[in-house]
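Where a number appears in this text, it was derived from the coordinates with a stated rule and is not lab data. Source: prediction; values computed, not measured. Cβ: placed from backbone, ideal geometry, glycine included. Neighbour counts: every protein chain shown.
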Amino acid sequence: MSGFYRRALSKLNRLNLEQCRELLVSASQEIFRLDTVLDSLPCGILVCDEKHHLLMANKAALRFLPMSYTEGDLLWELIPDEPIANFFQQVLKHGDRVLEHEMDIHTQGPGSGRLLSISVHPLVEKRHITGSLVYIEDITEKRGREVRLRRAENLASLTTLAAGVAHEIKNPLGAISIHLQLLRKALGKKEKQQEPATERAKASEGSPLDTDALVDKYFSVLNEEVNRLNGIVIDFLFAVRPMSLELCEGDLNALIAGLGEFIRAELEQSNIRLLLELDEQLPPVLFDERYMKQVLLNLIKNAQAAMPKGGLLTIATVGRDSEIRISVCDTGTGISQENLKKIFEPYFTTKGNGTGLGLTLVYKIIREHQGEMSVDSREGEGTDFEIILPIYQKKQNLINYSGAKNEI
């Protein structure tokens, strides 16, 4: 098509007024069609001249960055996100070619973090660089699918590994616990039989009470460690065994409100204010009350640990279309981007005494509810966990032979 217009322009002096008008209309239609194509693309397109002034931006690019389109301004001066603006300034000034450089961008509002893949190519015309072409792709959902697949694979590997290991550990732990109890009883009987001799030895050898206290201390330590190991094994078994959910239609707001009253006093002792923002129009949803309480308590405890100096914990619900969203947001220390990618993986923990299974179990419970879970965090600002649960559809729509819908 561009060849046609070049030939037409070369013969412009020989065209009459009507032919010029037709040529202009045709060109305007072609430009309008190209603009429509660019604005319909799911990827962002930016075009700059050789001095890095913005010449063109499609709708996707304006939405991704976001920025206001002012033709002729320097590209990096139009972008409000400082890290991305600095990236464009450095790349364009040095004339670098960049392929699929991933960058995070945050806009206002919870859960607004997006992951962008940015490529920068030279704009070449007749073997001369006349500017730059920027290609932007939102890969948030793509990376989310990859993460969910990796979590599923990790849970599968956890099932294979931990099922055997947990059973192998649990049996000797039970034997150790029983024999510790028997040993304590045997020592108690022996002490009673030796009481007269013990009384005579007090004056010459000192009181045996110190030794008894030391033995009791050692027994307590052993019992604590056995119980701790047993708790870890139970967590492993819980993580690998299929869940038997008892799904009942219920009110999530009532569950959260009751849980809030239960935990509020403990949070206030840690200088944490609890704020509940519950959607009054929230429809009922199918869930297992016991497991859902475990999910929320785990998230609340994590938030409490992330706010050692106090802060604000917000639990909110909202109903959208065919789903319910539950958000648990804190104003704590936040999570680094490196750790954020591994937050739901088995065995990953930043706590000194953690098993790394807490959030893995939370994720598994939500998946058993046919739901999804995501996390957004910024270091020093806080962390937002979001749970998405499907709304139970009581009505099924069928289409009869005439194409009309019937409800049953």
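Values as computed for the structure displayed
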item	result
Label-point separation in nm, K11 to A186, each point 7 Å along Cα→Cβ	11.1 nm
Stretchable slack from E30 to Q269, in nm (0.36 nm times residue separation minus alpha-carbon distance)	79.2 nm
Student exercise, segment 248-390 dipole from Lys, Arg, Asp, Glu Cβ charges, in Debye to nearest 20	580 debye
Gain upon complete extension [V124, V221; 0.36 nm per residue less C-alpha separation]	27.5 nm
16 Å Cα-Cα reach of K309 towards aspartates and glutamates, excluding residues that sit fewer than 8 places from it in its own chain	E266, E268, D330, E379, E381
Out-of-range pairs (alpha-carbon distance over 26 Å; input K342/K364; K59/K126; K301/K364; K59/K142)	K59/K126
Cα Rg, Dmax, segment 248-390, angstrom units	14.6, 42
Protection-proxy order for peptides 267-276, 327-336, 44-53, each taking the mean of Cβ atoms within 10 Å per residue, highest first	327-336, 44-53, 267-276
FRET efficiency for R320 and E22, using Cβ-Cβ distance with R0 set to 45 Å, rounded to 0.05	0.35
Descending Cα extents along the principal axes, segment 41-138, whole Å	47, 26, 26
Simple spin-label estimate for R148 and L229 in nanometres, 7 Å along Cα-Cβ	4.0 nm
